[in-house]
């Protein structure tokens with residue numbers, strides 16, 4: 001989706017795909033909206049108990065604080081989720097905001113299905129695929145967000161910069177592009193014993209030289225070869241960027 005022309009190009013753009021950790025953007029939007037709506041502060045403290053730091057899940061926070069039982073600010077929790085993709089902190093925030101149903105109702109789009117938290121997604125192979133969205137719906141969501149139509153100016157900028165500083169999925173949308181500003185969030189499933197990765201995803205906002213933006217959502221479901229999936233996303237991003245960066249466009 002191109003911001004200047006509003007032109008949309010999609011393949012299976014209205015098909016629902018598993019979101020995996022791209023769901024952390026709807027979670028962040030719901031949390032920040034609640035902060036605004038209820039007059040709360042991102043400085044308020046959250047206590048992270050040892051029982052909430054589950055093993056066998058991606059959790060840089062648990063690596064830094066293995067014993068838990070620490071207090072962090074809501075802003076710090078959001079940063080752990082958006083920038084580091086921490087699954088344990090994501091579940092803390094999902095519980096804080098009111099659960100998966102609350103987030104789905106907040107997004108209010110039939111092309112977003114949010115039913116499982118991270119702990120639920122790790123129960124078995126199929127559970128990781130319960131949360132779904134369509135590429136077109138996700139691109140529309142990040143466009144609406146980046147235009148300041150979901151959060152106030154301060155929180156829009158905060159979340160956008162957190163996505164710019166996201167540390168996961170760097171070989172996908174960012175993989176083959178020049179040094180341009182890209183706000184993005186990746187999502188990755190387990191890989192089966194047969195070498196099938198259930199989902200390799202990336203959603204992002206790419207800044208063009210003319211200050212227009214590309215809103216790109218790529219969802220790959222069930223692919224043989226993890227590197228192949230990341231490379232495919234990088235190729236798509238490169239092709240789109242070069243098309244809209246050309247003088248003819």
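In a fully extended conformation the segment linking residue 165 and residue 126 would gain 11.0 nm over its present Cα-Cα distance, using 0.36 nm per residue. Length gained on full extension, residue 119 to residue 153: 9.0 nm, using 0.36 nm per residue less the C-alpha separation. Could you run the Debye sum over the Cα atoms of segment 14-108, one equal point scatterer each and no solvent, and tell me log10 of I(q)/I(0) at q = 0.20, 0.21, 0.24 Å⁻¹, two decimals? Log-scaled intensity ratios, in q order: -0.98, -1.06, -1.32. Listing 188, 167, 22, 156 from fewest to most neighbouring C-beta atoms within 10 Å gives 167, 156, 188, 22. Given segment 53-198 reduced to its alpha-carbon atoms as identical point scatterers, what log10 I(q)/I(0) does the Debye formula return at q = 0.11, 0.21 Å⁻¹? Debye curve over Cα of segment 53-198, log10 I(q)/I(0) at q = 0.11, 0.21 Å⁻¹: -0.47, -1.76. In terms of other Cβ atoms within 10 Å, 218, 35, 9 run from fewest to most in the order 9, 35, 218. Based on C-alpha pairs under 8 angstrom that are at least 6 apart in sequence, segment 17-245 has a relative contact order of 20 percent. The slack in the chain from residue 73 to residue 41, taken as 0.36 nm per residue of separation less the alpha-carbon distance, amounts to 10.6 nm. Exposure proxy ranking for 138, 219, based on other Cβ atoms within 10 angstrom of each Cβ and starting from the fewest, stands as 219, 138. Between residue 96 and residue 194, the simple label model (points 7 Å from Cα in the Cβ direction) yields a spacing of 4.1 nm.
Going 7 Å from the Cα of residue 144 along its beta-carbon direction, which residues of segment 78-116 have the amide nitrogen within less than 14 Å of the resulting point? Taking a point 7 Å out along Cα→Cβ of residue 144, the residues of segment 78-116 whose backbone N falls under 14 Å are 103-113. Note on segment 176-240: semi-axes of the ellipsoid equivalent to its C-alpha gyration tensor, largest first and rounded to whole Å, are 26, 11, 8.
A Förster distance of 25 Å, applied to the separation of the beta-carbon atoms of residue 222 and residue 105, puts the FRET efficiency at 0.25. In percent, rounded to a whole number, the relative contact order of segment 31-110 is 30, using alpha-carbon pairs under 8 Å and six or more apart. Could you give the distance between the Cα centres of segment 213-229 and segment 2-31, to the whole Å? Between the Cα centres of segment 213-229 and segment 2-31 lies a distance of 13 Å. Where (1) 121; (2) 142; (3) 171 are the candidate values, the label of the one calculated here for volume of the Cα convex hull per residue in Å³ is (1).
Rule-based calculations on the coordinates, nothing more; no lab input. Note that the structure is a prediction, hence the values are computed from the model and not measured. All Cβ positions, glycine included, derive from the backbone under ideal geometry; neighbour counts span all protein chains shown.
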